[in-house]
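First the structure, in the form of structure tokens, and then the observations on it.
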Amino acid sequence: MSLKRITIGFLPLVDAALPIMAREHGFAEEEGIEIELIKDVSWASVLDRLLYGHSNAAHMLAPLAIAATLGRERPAQSLSVPFVLGLNGNAITLSNSLAEIVQPDGGLGDPYSVGNALKAEAQNRKADGNPIRLAAVHRYSSHNYKLRYWLAGCGVDPDRDVEIVTISPPFAADALAAGEVDGICVGEPWNSVAVKRGVGQIVLVTAQIWRRGVEKVLAMKSDYLSENEELVEKLIRAMNRAGAHFVKAENWDMNAEILARSEYLDGSKTLIKRAISDQILLKLGDEPQHIPDFMFQHREAANFPWKSQAAWLYSQMVRWDGNSYDAAEYAKVEAVFRSNIYRKALADIDAPMPGANSKVEGAFKAPVAVGVTQGRLTLSADPFFDDRVFDPEKLEEYLYDK
Amino acid sequence: MRIVLIDEDKARAAIIEQGLAAASDIEVHVLSDRHGMAKAIAEIDPDVILVDLGNPSRDILEEYFSVSRALARPIAMFVDQSDDDTIGEAIDAGVSAYIVDGLAPNRLRPILDLAIRRFNAFSRLQDELKEAKDALADREVIAKAKQILMARRNIGEDEAYKILRDQAMNNNKRIAEIAEAMVMADKLMGDSL
């Protein structure tokens, strides 16, 4: 039997796990697919490879898939997201000196207390002519938008009261150590690397800012998807099984070892295993803390491409980019997330399938059994830290409602 | 024309620089250290910036190009759509190109072509070097394995080689792999040669 090949680009982060595991555990092979993985070390390169056909699909920042489709910074190319690779998994790590000020008791902070303390310190630093500098991985990233959402929600102007810059995660610990930045918002294992080196402390995890925010997605050119729909559906089934396998405790150790390999993350198995198992060391010398839902790769239909999540990202792009809301753009954005391809791929197996393609985000205060077309699905609470809800059908109101 | 070449691999940067600097109207500046890169770029005020695809700082650079007011002219990724093939070749070769606003794409073209050729040449050199090193290592281990066989079984070199070769063929392995196994086993058994 000859396998159909699909090349998938990725960055060495823990949340690149599902395509890697689909290959390593034979789930792809069982679907008749051979996954070839291409590692890059910048999102620019992952994106370029995808856009120019050197990879068929890619582990991608969700907002970047949207930005590429809208033609920000590269000529527009329509990308499609038929599968979400995970929610959460990021944290905010501050330099030891700043952490001492805004979260002196250590441990995981409350978004408002940390935010208010940061607001006061930001004013001091600004007055000294040395504004607080925070770094995110890319302007088109959930990291950037959640960071800004949190700051703004605490009364800190992300563009005037502090400076937000871009950083490459492997250099983040160095930058904290050298005082080039005062804080970082990055994915694992890079927060833990900084903590292990004793150059920073984790004060918040992004799940505290929004408990169910889309993080990385599997993106591909829309043309590629329409020409290879059957193959993509097989890939979705393979990654779905990889997801189910990945979240089981008995597989954590084996999967951490695989991810730690030089051809994948080339990192510490210990740190990777902690991230996978929601055990996070917040500060050097402390014990790792159990942080529920730190990473969220599969349960509760986490891989389902909710159009409302794409919509929220667009709302933040409009908010921070200085472009105005545009209905035609919005339509394009919602079309990036291909809920129906996901539905089709998993229709014949017993996967829980939401009844709708979109939901009001942040609305669940407690677990809710939602309408399904198959299986059963209970969605846990998904609040934003400020308890606001986002209705994708009322995006303009959301934007202008302060 | 002023070109900044950002490459932390100094050997490769030297090869690219050599090729570019051969043209009389081109001034090449190589930046290998990510510290102070933004300042250096602003000071040089280049027309073209080449960055290797494997550089982790590409995202930082692109953000800098987007927002910097220190740059004299805006810089963006080379995206002349009539040149998708060139861009494809560039990605294949491992180089990305950024040009200043207003620079005619046909001015970038020959530079990019040269960079692509040189990046590919460097890749080939690296591959050849690796092959040569591997071949040398293989020869050394095969020589050692032959020695071991010759001593233990009191046979000549040709016969020793034949034994290794036959074993390799029967087990569908490389001769060097069989030789490595033999050398390792001999070492573990003690009183090795």
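To the nearest µm²/s, what D does Stokes-Einstein give for the stretch A:210-291 at 20 °C and 1.002 mPa s, using the Kirkwood radius over alpha carbon pairs as Rh?
Values: Rh = 15.3 Å.
Estimated via Stokes-Einstein, D reaches 140 µm²/s.
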Divide by every residue of chain B the summed helix terms, -39500 (n - 2.57) for each DSSP H run of at least 4, and state the resulting mean residue ellipticity at 222 nm, rounded to the nearest 500 deg cm²/dmol.
-20500 deg cm²/dmol
Shielding of A:166-173 by partners, i.e. mean partner chain Cβ atoms within 10 Å per residue?
4
About the Cα centre, and with charges only on the beta carbon of Lys, Arg (+1) and Asp, Glu (-1), how big is the dipole of the stretch B:103-144? Nearest 20 debye, please.
280
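Contact order normalised by length for the stretch A:73-192, with contacts defined as Cα pairs under 8 Å and 6 or more residues apart; what percent is it? Working shown, then result.
Working: 143 pairs, mean separation 42.0, N = 120.
Reported relative contact order: 35 percent.
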Taking a cut-off of 46 Å, what percent of all Cα-Cα pairs in the protein assembly as shown are separated by more than that?
21
B:Lys144: which lysines have alpha carbons under 20 Å from its alpha carbon, excluding same-chain residues fewer than 8 sequence positions away?
B:Lys133, B:Lys162, B:Lys173, B:Lys187
Give me the distance in nm between label points sitting 7 Å out from Cα along the Cα-to-Cβ direction at A:Asp401 and A:Glu34, one decimal.
5.3
Sequence of B:His29, B:His35 from largest to smallest accessible area, 1.4 Å probe:
B:His35, B:His29
Heads up, I need the accessible area for B:Lys39: 1.4 angstrom probe, whole protein in place, Å², nearest 10.
140
At what distance in nm do the modelled label points of B:Asp92 and B:Ala143 sit from each other, each positioned 7 Å from its Cα along Cα→Cβ?
4.0
Sequence-distant lysines (8 or more away, or on other chains) whose Cα lies within less than 25 Å of A:Lys234:
A:Lys4, A:Lys39, A:Lys216, A:Lys221, A:Lys248, A:Lys307, A:Lys344
So which trypsin sites (Lys or Arg not before Pro) in the stretch B:47-112 are both in a DSSP loop and have at most 13 other Cβ atoms within 10 Å of their Cβ?
B:Arg69
Rounded to 0.05, the calculated FRET efficiency for the beta carbons of B:Ala121 and B:Glu157 at R₀ = 60 Å is 0.95
Within-15-Å neighbourhood charge of A:Asp110 [Cβ basis; K, R +1; D, E -1]
-1
Within the stretch A:215-282, which GluC sites (Glu not before Pro) sit in a loop by DSSP and count at most 13 neighbouring Cβ atoms inside 10 Å?
A:Glu263
Low-density loop trypsin sites (Lys or Arg not before Pro), the stretch A:248-336, at most 12 other Cβ within 10 Å, DSSP non-H/G/I/E/B, are A:Lys248
Is there a pair in A:Lys146/A:Lys359; A:Lys273/A:Lys394; A:Lys269/A:Lys365; A:Lys146/A:Lys196 whose C-alpha atoms are over 31 Å apart, and which pairs would that be?
A:Lys273/A:Lys394; A:Lys269/A:Lys365
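The values are calculated or read from the model by the stated rules, or taken from the named source; none is laboratory data. Note that the structure is predicted; figures quoted are calculated from it, not measured. With ideal geometry, Cβ positions are generated from the backbone for all residues, glycine too; neighbour counts draw on all protein chains shown. With ligands, DNA and RNA removed, areas are computed over all heavy atoms of the protein, side chains included. Shrake-Rupley method; radii C 1.70, N 1.55, O 1.52, S 1.80 Å.
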